[in-house]
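K.L.:
Take this structure, written in structure tokens, and hold onto it; I'll ask about it next.
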Amino acid sequence: MNKRLRKKYRVGEFSELCFSFSFEYKGDVESPACEEFLRSLIEDCIEAQSLDCEGHLTEDACVITVCAIDPKATNQEQLDSVKTWLEAREDVEIKAFSPLMDRWYGV
């Protein structure tokens, strides 16, 4: 496959990595403490490492997908740092944490 197609399909040197995790907040999700937790998660954990995230709620968890602002720069150290930050919190229960995976193809 030539370079133009590799770039178009985001494969090879153009692949973009991400990771995802899900968690349950143990307290009242409508409380100021939950708002403070989410603010801290985004500002102190995600953005502090030049990461970006998107997420959604399910019936029993919040699911977050994270990648670096430059998606080709997402690495295992960033994943480990986010996981360690969450594990240190007593107000959340981690449901799942994925390894690094391809952002577009999920493998």
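K.L.:
Which of the residues that make up region 55-99 are touching a strand residue (DSSP E or B) at 6+ places or on another chain (Cβ under 7 Å) and among the hydroxyl-bearing types (S, T, Y)?
P.N.:
Listed by number, the residues that qualify are T65, T74, S98.
K.L.:
State yes or no: is V63 surrounded by fewer than 17 Cβ atoms within 10 Å (Cβ to Cβ) and within 10 Å of the chain's Cα centre (by Cα)?
P.N.:
Yes; evaluated as a whole, the condition is true for this residue.
K.L.:
Residues that are among the hydroxyl-bearing types (S, T, Y), closer than 15 Å to F19 by Cα and free of Cβ contacts under 8 Å to residues at least 40 places away in the same chain: does region 35-54 have at least one?
P.N.:
yes
K.L.:
Scan (1) surrounded by 13 or more Cβ atoms within 10 Å (Cβ to Cβ); (2) under 27 Å from Y105 (Cβ atoms) for the single condition L38 breaks and write down its number.
P.N.:
With (1) surrounded by 13 or more Cβ atoms within 10 Å (Cβ to Cβ); (2) under 27 Å from Y105 (Cβ atoms) applied to L38, the lone miss is (2).
K.L.:
State all residues of region 76-101 that are surrounded by 14 or more Cβ atoms within 10 Å (Cβ to Cβ) and more than 23 Å from P32 (Cβ to Cβ); if no residue qualifies, say none.
P.N.:
Result: Q78, L79, S81, V82, K83, K95, F97, S98, L100, M101.
K.L.:
May I ask you to list the residues in region 1-43 that are in contact with a Phe, Trp or Tyr (Cβ under 7 Å, 6 or more places away or on another chain) and either outside any strand (DSSP E or B) or modelled with pLDDT under 90 (or both)?
P.N.:
R6, K7, R10, E16, C34, F37, listed by residue number.
K.L.:
Right, something else. Counting only residues that are in a strand (DSSP E or B) and hydroxyl-bearing (S, T, Y), how many does region 55-91 have? Explain how you work it out, then say what you get.
P.N.:
Filtering region 55-91 for residues in a strand (DSSP E or B) gives 55-57, 62-68.
Then keep just the ones that are hydroxyl-bearing (S, T, Y); that gives 65.
Residues that pass the stated criteria total 1.
K.L.:
If you check D52 against the conditions, is it outside any loop (DSSP other than H, G, I, E, B), touching a strand residue (DSSP E or B) at 6+ places or on another chain (Cβ under 8 Å), among the charged types (D, E, K, R) and at pLDDT 95 or above?
P.N.:
yes
The values are calculated or read from the model by the stated rules, or taken from the named source; none is laboratory data. Quick caveat: nothing in here was measured; it's all calculated off a predicted structure. With ideal geometry, Cβ positions are generated from the backbone for all residues, glycine too; neighbour counts draw on all protein chains shown.
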